[in-house]
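> The following block contains the structure, expressed as structure tokens.
The values are calculated or read from the model by the stated rules, or taken from the named source; none is laboratory data. In this text, all values refer to a predicted model and were calculated from it rather than measured experimentally. Every residue, glycine among them, receives a Cβ derived from its backbone with ideal geometry; neighbour counts consider all protein chains shown. Remember, those area values only see protein heavy atoms, side chains included, never the ligands or the DNA or RNA. Shrake-Rupley method; radii C 1.70, N 1.55, O 1.52, S 1.80 Å.
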Amino acid sequence: MNKIIIFLLFFGVSSEYATSQSLLAEKYNLMPWPQELKEKIAEFTIDSDVTISIPKEDEGAERIRNAAVNFLRRLSNRTGVFLKEGFPVTGKRGSINVTYNRVAQLTINTDESYELIVEDSIINIKAITDVGALRGLETLLQLVQHNGSYFYFPGVEITDAPRFVWRGLMIDASRHFQPIHVLKRNLDAMASMKMNVFHWHLTDDQGFRVESKTYPKLHELGSDGLYYTQEQIKEVVSYANTLGIRVIPEFDVPGHASAILTAYPELGSKEGYAYTIERNSGVFNPTLNPSKDITYQFLENLFTEMASLFPDTYFHIGGDENEGRHWDENEDIQKFKKLNNLETNHDIQTYFNIKLEKILNKLGKKLMGWDEIMTPNMPTMAVIHSWRGENEGLPKGGSLISAAKKGYQTVLSNGYYIDRMQSVEAHYLVDPIGDIQLTEAELSRVLGGEATMWSELVTPLTIDSRIWPRTAAIAERFWSNQAVNDVDNMKKRLKDVSFKLEELGLTHIKNRDVILRGMTNNQDISSLLVLTKICEPLKIYTRNKDGIEYQTFSPFNLFADACVVDAEDGLSFNDAVKQFVNSSNQIHYNQVLAYLKVWSKNYDDFKKLNKNPKIIPLEKVSENLSEVSLILSNAFEKEEVTVENLSKIKNGITILSEPFVDVEMVIVDAFSDLTSHIEANYLIK
């Protein structure tokens, strides 16, 4: 099995292989797509006699037992089959047999490969480690199908392993605190998509979120009472470990330190400064003082305490977005700078980072930081977390490729900032390496990537809809062969995967209705639902201009929070219009007309609502949507349009093209294309 996997990963694939896998991807909704899938003439019927056999429950078998139990529950719930045996069996064969060679200690070198074979009466999952077996169980569950009479697993033979060893999701718990149950359901979703790193951003200007017994003021004064106890930290780490997921903590220093300095101002770089927990978003000046010995003693003591909570080797120290303004204003720091022959603030931060690297090395940890830490004198033992690329003015490949070439291990997040509210397509088409040629050694240093969920504009109510389902597609980019990149096929599979993620407790779909019911005081939300399906939140941080429109305590249950990226009706309508304008096909004509009919009635439904200040701003949009849609639909049906009505359409489109309540209507360009079409073909002159 390993020889096959190595061939697939490192020697590429033939065009025949790529074609065959593409055809199979039209049939099976697997995500991430496995390295190799072959069909067999077989069909395993799912009935009450299904059993799952796992190795004898020796020490360390909790991971596979937990996975097997969850598999049986999800299988039973998905199929409605009443299983006679609700728990895995040991010491005898079952109808589903899971075997592996050893229980893994989670590291970047953990073998996650597996082989899955489905026959008529038996299913075998074979793996090197129990983690590989977990990945195989997730694939098997995705294979469930039915023919109208019964559910079954189709006959397949799958050989699979990840392309990258680091497939992560970063959740920022500082800007908005995320309770344990929110983290656990997202860990479950990560495991279902074969992700293996949870990057836990625990400190920033807006809050220090971990109980510290060494420095208790950190959570007492720096968290607003919203923090994780050390027992809760251990609980999450243990829960993640059971799912085959490593937990990497981030304690962001020397910048982003407002919360730390609120608790311990003597560590700050500006004497007499009134440090407080930050309520806005952005980059702020409070910074740890790199010239004081007590700063390093504080960090050594703190990191020693925190290292005991996080067993993983990697330890993230942030290190980003420090402009050093308070350093420039501090005479002692300027003297320190000259004394140590440090020419710039970057040199000061390198001095600081090298000190931290030595502290963490003594603790058996490997320092990781955002790509600002990659300076000429930074030891290559550090791990570079790349968040800047060509859009930030760097050469092709960004800081990721630069780091790999300089000898650093590196992880990519540039292109995977899901809080920017960009389309799933935009993220999916970002490949960590792309077409850049690297040596074998350089390639080995590219560990993988992370989706990043910064939480300035998300709360527990909305975080799932900002992470999922797009992160499932990103997970495929990290796991699957680079040749797996068909966007339309990905979207087809993602639609199926998305609703099945709800089985795990995710709220990314259902909480839209929760928000809308709250906005209307539990009235009929149908007119607002129609609007959410053609509107998307403003992108790339334009919602919270300059970071001051929203504070950490602002409401995040507004219309923009009910809307999601890749608005479903917007995408379908835009595609139908494009096809119709290019070919005037009757099928696409009917699709376009059906949407116009629905939208033309939207304002009639909206007017029935008892208005309140939360929904009044939507009235003008609903009214113009209905007017434009009605005139367009009449023009198509009658094959005529007057100059007056054409003018009304254009005026309406102008109104609809303007952002409103922090969203944008994504069908405006399609409306313009339809308008040009009727003007060219139906205008009464």
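> Just to verify a result, which residue in the stretch 69-93, among those that are more than 35 Å from the chain's Cα centre (by Cα) and free of Cβ contacts under 8 Å to residues at least 40 places away in the same chain, is least open to solvent (accessible area, probe 1.4 Å)? Show your work before the answer.
Within the stretch 69-93, the subset more than 35 Å from the chain's Cα centre (by Cα) is 84-85, 89-93.
Among the residues that remain, those that are also free of Cβ contacts under 8 Å to residues at least 40 places away in the same chain are: 84-85, 89-92.
Numbers: Lys84: 154, Glu85: 69, Val89: 19, Thr90: 58, Gly91: 82, Lys92: 131 Å².
Selected residue: Val89.
> Answer yes or no as to whether Ser121 is within 27 Å of Ile41 (Cα to Cα), of a type in the set (Ser, Thr, Tyr) and buried (at least 18 other Cβ atoms within 10 Å of the Cβ). Please lay out each step first, then the result.
Numbers: within 27 Å of Ile41 (Cα to Cα): yes; of a type in the set (Ser, Thr, Tyr): yes; buried (at least 18 other Cβ atoms within 10 Å of the Cβ): no.
In short, no.
> At pLDDT 95 or above and part of a loop (DSSP other than H, G, I, E, B): does that describe Lys500? Let's see the steps before the verdict.
Working: at pLDDT 95 or above: yes; part of a loop (DSSP other than H, G, I, E, B): no.
It is false that Lys500 is at pLDDT 95 or above and part of a loop (DSSP other than H, G, I, E, B).
> Additional query: Among the residues of the stretch 469-476, is there at least one that is open to solvent by less than 20 Å² (accessible area, probe 1.4 Å), modelled with pLDDT of 95 or more and among the polar types (S, T, N, Q)? I'd like the intermediate steps shown before the answer.
Our first condition is that a residue be open to solvent by less than 20 Å² (accessible area, probe 1.4 Å); within the stretch 469-476, this holds for 470-476.
Imposing the further condition that a residue be modelled with pLDDT of 95 or more reduces the set to 470-476.
With the extra rule that they be among the polar types (S, T, N, Q), the set shrinks to 471.
Within the stretch 469-476, one or more residues are open to solvent by less than 20 Å² (accessible area, probe 1.4 Å), modelled with pLDDT of 95 or more and among the polar types (S, T, N, Q).
> Taking Phe315 as the residue in question, decide whether it is farther than 28 Å from Glu440 by Cα and crowded, with 18+ Cβ neighbours inside 10 Å. Even if it seems obvious, please write down each step before you answer.
Details: farther than 28 Å from Glu440 by Cα: no; crowded, with 18+ Cβ neighbours inside 10 Å: yes.
No; evaluated as a whole, the condition is false for this residue.
> Checking the conditions here, which among Tyr227, Tyr150, Tyr215 is over 22 Å from the mean Cα position of the chain (by Cα) and farther than 24 Å from Phe284 by Cα?
Values: Tyr227 fails: farther than 24 Å from Phe284 by Cα; Tyr215 fails: farther than 24 Å from Phe284 by Cα.
Residue meeting the stated conditions: Tyr150.
> List every residue pair whose Cβ atoms sit under 7 Å apart, with the two residues 6 or more apart in sequence or on different chains, where the first one lies in the stretch 447-458 and is open to solvent by 10 Å² or more (accessible area, probe 1.4 Å) and the second, anywhere, is of a type in the set (A, V, I, L, M, F, W, C).
Matching pairs, first to second residue: Leu457/Phe556.
> Are there any pairs with C-beta distances below 6 angstrom linking a residue in the stretch 231-244 that is closer than 20 Å to His201 by Cβ to a residue that is in a helix (DSSP H, G or I) and of a type in the set (A, V, I, L, M, F, W, C), with the two at least 6 apart or on different chains, and if so which?
Listed by first residue and then by second, the contacts come to Gln232/Ile180; Val236/Leu183; Ala240/Leu187; Leu243/Leu187; Leu243/Ala191.
> Kindly evaluate Phe153 against the criterion of being in contact (Cβ under 8 Å) with a residue 60 or more places away in the chain and either of a type in the set (Val, Ile, Thr) or touching a Pro at 6+ places or on another chain (Cβ under 8 Å) (or both).
Values: in contact (Cβ under 8 Å) with a residue 60 or more places away in the chain: yes; either of a type in the set (Val, Ile, Thr) or touching a Pro at 6+ places or on another chain (Cβ under 8 Å) (or both): no.
So Phe153 does not fit the description; no.
> Within the stretch 245-263, is even one residue open to solvent by 20 Å² or more (accessible area, probe 1.4 Å) and in a loop (DSSP other than H, G, I, E, B)? Show your work before the answer.
Here is the first cut: in the stretch 245-263, the ones open to solvent by 20 Å² or more (accessible area, probe 1.4 Å) are 262.
Now restrict to residues that are in a loop (DSSP other than H, G, I, E, B): none.
No, because not a single residue in the stretch 245-263 is open to solvent by 20 Å² or more (accessible area, probe 1.4 Å) and in a loop (DSSP other than H, G, I, E, B).
> Just the residues that are assigned to a loop (DSSP other than H, G, I, E, B), open to solvent by 20 Å² or more (accessible area, probe 1.4 Å) and not charged (D, E, K, R), please, taken from the stretch 318-352.
Narrowing the stretch 318-352 to residues assigned to a loop (DSSP other than H, G, I, E, B): 319-324, 329-330, 340-344.
Restricting the remaining residues to those that are open to solvent by 20 Å² or more (accessible area, probe 1.4 Å) gives 321-323, 329, 340-344.
Hits for the stretch 318-352 are Asn322, Asn340, Asn341, Leu342, Thr344.
Matching residues to (1) at pLDDT 95 or above; (2) under 18 Å from Arg93 (Cβ atoms); (3) open to solvent by less than 80 Å² (accessible area, probe 1.4 Å):
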site: Ile5; (1), (2), (3): no, no, yes
site: Phe10; (1), (2), (3): no, no, no
site: Ala18; (1), (2), (3): no, no, yes
site: Ala42; (1), (2), (3): yes, yes, yes
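> Restricting to the stretch 643-658, what's the tally of residues that are in contact (Cβ under 8 Å) with a residue 12 or more places away in the chain and out of contact with any Lys or Arg (no Cβ under 9 Å at 6 or more places or on another chain)? If you could, list the steps in order and put the result at the bottom.
Step one: filter the stretch 643-658 for residues in contact (Cβ under 8 Å) with a residue 12 or more places away in the chain, giving 643, 645-646, 648-650, 652-653, 655-656.
Imposing the further condition that a residue be out of contact with any Lys or Arg (no Cβ under 9 Å at 6 or more places or on another chain) reduces the set to 645-646, 648-650, 652-653, 656.
Result for the stretch 643-658: 8.
> Please identify the pairs in which a residue from the stretch 523-551 that is surrounded by 22 or more Cβ atoms within 10 Å (Cβ to Cβ) has its Cβ atom under 7 Å from the Cβ atom of a residue that is aromatic (Phe, Trp, Tyr), counting only partners at least 6 apart or on another chain.
What qualifies is Ser527/Phe606.
> Between Val530, Val514, Val458, which is modelled with pLDDT of 95 or more, over 20 Å from Met31 (Cα atoms) and not in a helix (DSSP H, G or I)? Please lay out each step first, then the result.
Values: Val530 fails: not in a helix (DSSP H, G or I); Val514 fails: not in a helix (DSSP H, G or I).
After ruling out the rest, the residue left standing is Val458.
> Condition first: touching a strand residue (DSSP E or B) at 6+ places or on another chain (Cβ under 8 Å) and open to solvent by 10 Å² or more (accessible area, probe 1.4 Å). Now tell me which residues in the stretch 165-195 satisfy that.
Val165, Arg175, Phe177, Ile180 - these are the residues of the stretch 165-195 that are touching a strand residue (DSSP E or B) at 6+ places or on another chain (Cβ under 8 Å) and open to solvent by 10 Å² or more (accessible area, probe 1.4 Å).
> May I ask you to say which residue of Phe310, Phe298, Phe315 is within 30 Å of Gln230 (Cβ to Cβ) and part of a loop (DSSP other than H, G, I, E, B)? So that I can check it myself, show each step before the final result.
Details: Phe298 fails: part of a loop (DSSP other than H, G, I, E, B); Phe315 fails: part of a loop (DSSP other than H, G, I, E, B).
Answer to the selection: Phe310.
> While we're on this one: Under 8 Å by Cβ, and 6 or more places apart or on different chains, what pairs join a residue from the stretch 411-436 that is assigned to a helix (DSSP H, G or I) with one that is among the hydroxyl-bearing types (Ser, Thr, Tyr)?
If the second residue must be among the hydroxyl-bearing types (Ser, Thr, Tyr), the pairs left are Ile418/Thr452; Ile418/Thr471; Asp419/Thr452; Asp419/Ser455; Arg420/Tyr541; His427/Tyr416.
> Here is a follow-up. Please tell me if Asn285 is touching a Lys or Arg at 6+ places or on another chain (Cβ under 7 Å), of a type outside the set (Ser, Thr, Tyr), in a loop (DSSP other than H, G, I, E, B) and open to solvent by 30 Å² or more (accessible area, probe 1.4 Å). Full working, then the answer.
Working: touching a Lys or Arg at 6+ places or on another chain (Cβ under 7 Å): yes; of a type outside the set (Ser, Thr, Tyr): yes; in a loop (DSSP other than H, G, I, E, B): yes; open to solvent by 30 Å² or more (accessible area, probe 1.4 Å): yes.
Considered against the rule, which asks whether it is touching a Lys or Arg at 6+ places or on another chain (Cβ under 7 Å), of a type outside the set (Ser, Thr, Tyr), in a loop (DSSP other than H, G, I, E, B) and open to solvent by 30 Å² or more (accessible area, probe 1.4 Å), Asn285 comes out as yes.
> Within the stretch 383-393, which residues are within 24 Å of the chain's Cα centre (by Cα) and of a type outside the set (Ser, Thr, Tyr)? Quick ask: steps written out before the conclusion?
Here is the first cut: in the stretch 383-393, the ones within 24 Å of the chain's Cα centre (by Cα) are 383-392.
Across the stretch 383-393, the qualifying residues are Val383, Ile384, His385, Trp387, Arg388, Gly389, Glu390, Asn391, Glu392.
> What number of residues in the stretch 549-605 are among the small types (Gly, Ala, Ser), in a loop (DSSP other than H, G, I, E, B) and closer than 27 Å to Gly207 by Cα?
So the first thing to find is which residues in the stretch 549-605 are among the small types (Gly, Ala, Ser), and the list is 554, 560, 562, 567, 570, 572, 576, 583-584, 594, 600.
Pick out the ones that are also in a loop (DSSP other than H, G, I, E, B) and you get 554, 567, 584.
Filter once more, so that each one left must be closer than 27 Å to Gly207 by Cα: 554.
The total comes to 1.
> Of the residues Thr90, Thr139, Thr110, which single one is β-branched (Val, Ile, Thr) and at pLDDT below 95?
Working: Thr139 fails: at pLDDT below 95; Thr110 fails: at pLDDT below 95.
Going through Thr90, Thr139, Thr110 in turn, just one is β-branched (Val, Ile, Thr) and at pLDDT below 95: Thr90.
> Right, something else. Every residue in the stretch 254-296 that is of a type in the set (Lys, Arg) and touching a residue at least 60 places away in the same chain (Cβ under 8 Å), please. Can you show your working first?
Of the residues in the stretch 254-296, the ones of a type in the set (Lys, Arg) are 270, 279, 292.
Matches in the stretch 254-296: Lys270, Arg279.
> Being outside any loop (DSSP other than H, G, I, E, B), open to solvent by less than 60 Å² (accessible area, probe 1.4 Å), within 18 Å of Ser95 (Cα to Cα) and among the polar types (S, T, N, Q) is the requirement here; does Ser48 meet it?
Values: outside any loop (DSSP other than H, G, I, E, B): no; open to solvent by less than 60 Å² (accessible area, probe 1.4 Å): yes; within 18 Å of Ser95 (Cα to Cα): yes; among the polar types (S, T, N, Q): yes.
Considered against the rule, which asks whether it is outside any loop (DSSP other than H, G, I, E, B), open to solvent by less than 60 Å² (accessible area, probe 1.4 Å), within 18 Å of Ser95 (Cα to Cα) and among the polar types (S, T, N, Q), Ser48 comes out as no.
> Given the criterion open to solvent by 70 Å² or more (accessible area, probe 1.4 Å) and modelled with pLDDT of 95 or more, identify the matching residue among Asp605, Asp575.
Working: Asp605 fails: open to solvent by 70 Å² or more (accessible area, probe 1.4 Å).
The conditions single out Asp575.
> Shifting gears a bit: Could you say which residue among Leu504, Leu516, Leu494 is more than 20 Å from the chain's Cα centre (by Cα), open to solvent by less than 60 Å² (accessible area, probe 1.4 Å) and not small (Gly, Ala, Ser)? Give the steps one after another, and end with the answer.
Numbers: Leu504 fails: more than 20 Å from the chain's Cα centre (by Cα); Leu494 fails: more than 20 Å from the chain's Cα centre (by Cα).
Result of the check over Leu504, Leu516, Leu494: Leu516.
> Looking only at residues that are in contact with a Lys or Arg (Cβ under 9 Å, 6 or more places away or on another chain) and in a loop (DSSP other than H, G, I, E, B) in the stretch 437-455, which one is nearest to Lys194 (Cα to Cα)?
Trp454
> Still on this model: Give the residue that is nearest to the chain's Cα centre (by Cα), with candidates limited to residues of the stretch 432-446 that are surrounded by fewer than 20 Cβ atoms within 10 Å (Cβ to Cβ) and among the hydrophobic types (A, V, I, L, M, F, W, C).
As a first pass, look at the stretch 432-446 and keep what is surrounded by fewer than 20 Cβ atoms within 10 Å (Cβ to Cβ): 433-444.
Within this subset, residues satisfying the condition of being among the hydrophobic types (A, V, I, L, M, F, W, C) are 433, 436, 438, 441, 443.
Numbers: Ile433: 19, Ile436: 25, Leu438: 27, Ala441: 29, Leu443: 24 Å.
So, considering only residues that are surrounded by fewer than 20 Cβ atoms within 10 Å (Cβ to Cβ) and among the hydrophobic types (A, V, I, L, M, F, W, C), the one nearest to the chain's Cα centre (by Cα) is Ile433.
> Sticking with this one: Please determine whether any residue of the stretch 298-306 is under 27 Å from Ile171 (Cα atoms), aliphatic (A, V, I, L, M) and either free of Cβ contacts under 8 Å to residues at least 40 places away in the same chain or touching a Pro at 6+ places or on another chain (Cβ under 7 Å) (or both).
Scanning the stretch 298-306, I find at least one residue that is under 27 Å from Ile171 (Cα atoms), aliphatic (A, V, I, L, M) and either free of Cβ contacts under 8 Å to residues at least 40 places away in the same chain or touching a Pro at 6+ places or on another chain (Cβ under 7 Å) (or both), so the answer is yes.
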